[in-house]
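The values are calculated or read from the model by the stated rules, or taken from the named source; none is laboratory data. As the structure is a prediction and not an experimental result, all values here were calculated from the model. Positions of Cβ are backbone-derived with ideal geometry, glycine not excepted, and every protein chain shown enters the neighbour counts. These area figures cover heavy atoms from the full protein model, side chains too; ligands, DNA and RNA do not enter into them. Shrake-Rupley method; radii C 1.70, N 1.55, O 1.52, S 1.80 Å.
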Amino acid sequence: MHSSRDESASVPWTGAVAAAGASVLVVTDLVGSALVPGYDPVRNSISDLAAGRLAWIQDLGLVAFAIGLAALAWGLGRRRAGRTWRAGVVCVALVALDVATIALHDEYGDRDRGGFVIHLELVYALGGLFALATLLLIPGLWRERRAWGIFDAVVGAAWIVLAPIFFIVPTRWDGLYERAIALIVLVWTFGMAWFLMRRRRRVSLT
């Protein structure tokens with residue numbers, strides 16, 4: 001009983017931080033898109049927004065999102081749901097690290113001299129890690145409640161199908177399509193944040 005109380009006590013703040021981090025990312029994308037001269041959110045990618053004089057706006061959002069994902073991994077990791085679940089949690093934590101590296105390394109292949117460019121590799125890693133995270137968490141979420149397992153599976157399937165298409169989308173639609181697939185990650189993050197915040201109520205009532 002004591003361990004259940006400890007677990008439930010950690011859930012609300014981790015879910016709240018995850019939701020806050022995702023919200024900050026949305027706000028900084030909107031603000032940056034409005035303030036960066038000549039920026040077109042339909043034609044230009046998120047990476048374009050994170051390079052240049054006002055790059056700090058989008059970088060701030062990415063760092064906040066990384067912190068939110070790290071909190072999400074912490075909250076999910078409080079559950080004892082087997083090795084598959086733990087592997088999924090590790091993938092979520094690695095996604096957080098990946099996003100933070102993208103923001104803090106701040107090198108997007110924008111022809112700056114002397115930069116060590118690993119942006120594309122980080123993007124590939126992000127795609128693979130998020131897909132793995134959703135797939136590995138399905139069994140544990142399904143056992144918790146069938147609707148959560150279905151939600152996670154649908155998000156994972158949408159990501160696996162739609163994310164690779166970004167690399168063949170015409171450049172005039174880069175920004176719009178990238179934001180569409182980023183929305184998949186944001187929806188999942190908000191969903192998992194709600195899962196953690198609601199779970200305390202269920203534990204405390206049992």
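Before moving on, here are some points about what is shown:
- Accessible area expressed per residue, the chain, with surrounding protein chains retained (probe 1.4 Å, Å²): 54 Å²
- Ellipsoid equivalent to the chain - semi-axes via the Cα gyration tensor, in Å: 32, 17, 15
- Principal axes of region 27-147: Cα extent on each, largest first, Å: 49, 29, 22
- For the chain, a crude dipole built from +1 on the beta carbon of Lys and Arg and -1 on the beta carbon of Asp and Glu, taken about the Cα centre, is about 1260 debye to the nearest 20.
- Considering only alpha-carbon pairs that sit under 8 angstrom and 6 or more positions apart, the relative contact order computed for the chain is 31 percent.
- Per the Debye calculation on region 64-108 with a single equal scatterer at every Cα and no solvent contribution, log₁₀ I(q)/I(0) for q = 0.14, 0.15, 0.21 Å⁻¹ amounts to -0.34, -0.39, -0.63.
- Principal-axis tilt of helix 174-205 within the chain, Cα atoms, nearest 10 degrees: 20 degrees
- Kirkwood-Stokes translational diffusion coefficient of region 12-93, alpha-carbon pairs, 10 °C, 1.306 mPa s, µm²/s: 115 µm²/s
- Surface share of carbon and sulfur [accessible, 1.4 angstrom probe, percent] for the chain: 67 percent
- Rounded tilt (10° steps) of 2-35 against the dominant C-alpha axis of the chain: 20 degrees
- Computed lengthening from Arg145 to Leu186, 0.36 nm per intervening residue step minus Cα-Cα distance: 12.7 nm
- Both radii come from the Cα set of region 127-206: Rg as radius of gyration, Rh as Kirkwood radius; their ratio Rg/Rh reads 1.09.
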